[in-house]
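Data first, discussion second: the structure below is written as structure tokens.
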Amino acid sequence: METRKSLIGEIAAKVCWLPDMAGGFRVPGELRLDDLPVSCRRDEALAKALGMVQPVIEEASRQLGISADLLRALQDNPDLLEKLEKDVQALRFVPKSDPSVDPAHDDNSGDPRREPV
């Protein structure tokens, strides 16, 4: 089941309105709960709904070398995640030792057995 944001939720996620420690305002996706001034109430569910940086996503981003925005998009769009999983699964079935499907071998680029990668 896909959740969707209301119009106000979409606006709140894209506009600089959350205060940071320096006294400025930032887009929720640029802040973690710990980046908010001490006077702000912390609400994990609201932070997630606004697209604030989640500690788990931030850590996964660092460990995997994948942008936090991409990880959030995969988290928020099950259809996109399913498509990516299917694409990765399809890549597993391409024999790496067969030069007819290896894009590095130009000499077989006209081979009709070659499948698009």
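The values are calculated or read from the model by the stated rules, or taken from the named source; none is laboratory data. From a predicted model like this one, the values you see are computed outputs, not experimental measurements. Glycine also receives a Cβ, built like all others from the backbone with ideal geometry; neighbour counts cover every protein chain displayed.
Structure summary
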read-out	value
Tally of residues being under 26 Å from SER6 (Cβ atoms) and assigned to a helix (DSSP H, G or I) across region 25-57	15
Positions within region 1-27 being touching a Cys at 6+ places or on another chain (Cβ under 9 Å) and either at pLDDT below 90 or surrounded by 16 or more Cβ atoms within 10 Å (Cβ to Cβ) (or both), in sequence order	LEU18, PRO19, ARG26, VAL27
Evaluation of SER100 against (1) at pLDDT below 85; (2) in contact with a Lys or Arg (Cβ under 9 Å, 6 or more places away or on another chain); (3) in a loop (DSSP other than H, G, I, E, B) (one fails), failing number	(3)
Residue selected from region 39-49 under the condition of a type outside the set (Asp, Glu) and without any contact (Cβ under 8 Å) to a residue 40 or more places away in the chain, by the criterion farthest from ALA22 (Cα to Cα)	ALA45
Residue in region 71-83 that is at pLDDT below 90, over 13 Å from the mean Cα position of the chain (by Cα), of a type in the set (Asp, Glu) and in a helix (DSSP H, G or I) present	no
